[in-house]
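**Student:** Mind having a look at this structure? Questions to follow.
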Amino acid sequence: MKLKVCGMRDAENIKKLIALKPDFIGFIFYKKSGRHVTVFPKVDIPVGIKKVGVFVNESLEHVLEIVTENNLDCVQLHGDESPEYCKELKKAMGLKVGVIKAFPVDAKFDFEQLIAFEKQVDYFLFDTKGDKVGGNGVVFDWSLLKKNKSEKPFLLSGGLGVESVNELKKFRKTSLLNNCIGWDVNSKFEISPGLKDIDKIKEFKDKLV
């Protein structure tokens with residue numbers, strides 16, 4: 001299983017995280033977020049770790065500019081971006097840059113809408129629907145994933161922490177996580193916005209990844 005740590009921006013904190021060899025490191029380019037990256041941290045990130053830029057309802061031009069400036073490996077779309085938007089973005093970025101489309105899930109979420117995105121993105125990300133766009137620190141009802149008929153690989157997000165490990169181990173044995181490729185963690189590991197508790201992340205990774 002892969003590990004994606006999102007909401008990073010402090011250079012020294014990132015260097016310590018790199019030692020844990022996560023698969024993805026997420027940088028949030030959303031001005032309303034408390035983890036918003038204004039200056040991209042100057043850190044040498046190994047080729048094996050993908051740099052992910054998180055965007056919310058931004059113009060194609062702005063996303064492409066940030067991707068180019070910071071040599072990003074993936075783009076995560078966390079807003080109301082359409083399948084057409086994803087298609088145009090992927091075409092413009094080329095095969096070297098992946099696209100992750102995030103969806104906020106609650107009991108009313110319509111999994112049928114995923115069909116239109118399947119050919120336009122590389123991964124889905126299922127997060128908890130809350131007051132904020134992301135980083136609400138709350139777990140959604142994973143049993144809702146039984147409604148997911150898509151075979152597109154996805155990352156599970158939404159309030160995952162060290163306390164989630166045992167339940168995730170149990171849930172991983174069910175068919176509902178067949179296409180889950182890994183975990184996206186953020187707020188439950190924060191010391192302050194954009195600053196992570198590396199020891200906690202190591203504990204989570206050692207137990208689950």
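**Student:** Taking T68, is it hydroxyl-bearing (S, T, Y) and surrounded by fewer than 19 Cβ atoms within 10 Å (Cβ to Cβ)?
**Tutor:** Yes; evaluated as a whole, the condition is true for this residue.
**Student:** Here is a further query. How about region 149-160: which of its residues are buried (at least 20 other Cβ atoms within 10 Å of the Cβ) and either among the charged types (D, E, K, R) or at negative phi (or both)?
**Tutor:** F154, L155, L156, S157, L160
**Student:** Further question: Taking the conditions exactly as written (outside any strand (DSSP E or B), at pLDDT 95 or above and either in contact with a Lys or Arg (Cβ under 6 Å, 6 or more places away or on another chain) or more than 20 Å from L145 (Cβ to Cβ) (or both)), does D199 satisfy them or not?
**Tutor:** Considered against the rule, which asks whether it is outside any strand (DSSP E or B), at pLDDT 95 or above and either in contact with a Lys or Arg (Cβ under 6 Å, 6 or more places away or on another chain) or more than 20 Å from L145 (Cβ to Cβ) (or both), D199 comes out as yes.
**Student:** How many of the residues making up region 183-200 are on the phi < 0 side of the Ramachandran plot, touching a residue at least 40 places away in the same chain (Cβ under 8 Å) and surrounded by 16 or more Cβ atoms within 10 Å (Cβ to Cβ)?
**Tutor:** The number of residues fulfilling the criteria is 11.
**Student:** Any idea which of V75, V105 is more than 17 Å from G26 (Cβ to Cβ), under 16 Å from the mean Cα position of the chain (by Cα) and crowded, with 18+ Cβ neighbours inside 10 Å?
**Tutor:** V105
**Student:** Hey, which of the strands (runs of 3 or more DSSP E) in region 17-132, taking only ones fully inside, have at least 3 residues that are of a type in the set (D, E, K, R) and at pLDDT 95 or above?
**Tutor:** Of the strands (runs of 3 or more DSSP E) lying wholly inside region 17-132, none has at least 3 residues that are of a type in the set (D, E, K, R) and at pLDDT 95 or above.
**Student:** If L176 meets every condition in (1) in a loop (DSSP other than H, G, I, E, B); (2) surrounded by 11 or more Cβ atoms within 10 Å (Cβ to Cβ); (3) among the aliphatic types (A, V, I, L, M) apart from one, which number is that one?
**Tutor:** Failing condition for L176: (1).
**Student:** Filter region 1-42 down to residues that are over 19 Å from K205 (Cβ atoms) and hydrophobic (A, V, I, L, M, F, W, C), then give me how many there are.
**Tutor:** Here the count works out to 7.
**Student:** Counting just the residues of region 143-181 that are under 21 Å from E112 (Cα atoms) and of a type in the set (K, R), which one comes out nearest to the chain's Cα centre (by Cα)?
**Tutor:** K152
**Student:** Would you mention how many residues in region 85-102 are loosely packed, with under 13 Cβ neighbours inside 10 Å and either in contact with a Lys or Arg (Cβ under 6 Å, 6 or more places away or on another chain) or free of Cβ contacts under 8 Å to residues at least 12 places away in the same chain (or both)?
**Tutor:** Summing the residues that are loosely packed, with under 13 Cβ neighbours inside 10 Å and either in contact with a Lys or Arg (Cβ under 6 Å, 6 or more places away or on another chain) or free of Cβ contacts under 8 Å to residues at least 12 places away in the same chain (or both) in region 85-102 gives 3.
The values are calculated or read from the model by the stated rules, or taken from the named source; none is laboratory data. Computed from a predicted structure; not experimentally measured. When we count neighbours, we look across all protein chains shown, and the Cβ atoms used for this are built from the backbone with ideal geometry, even at glycine.
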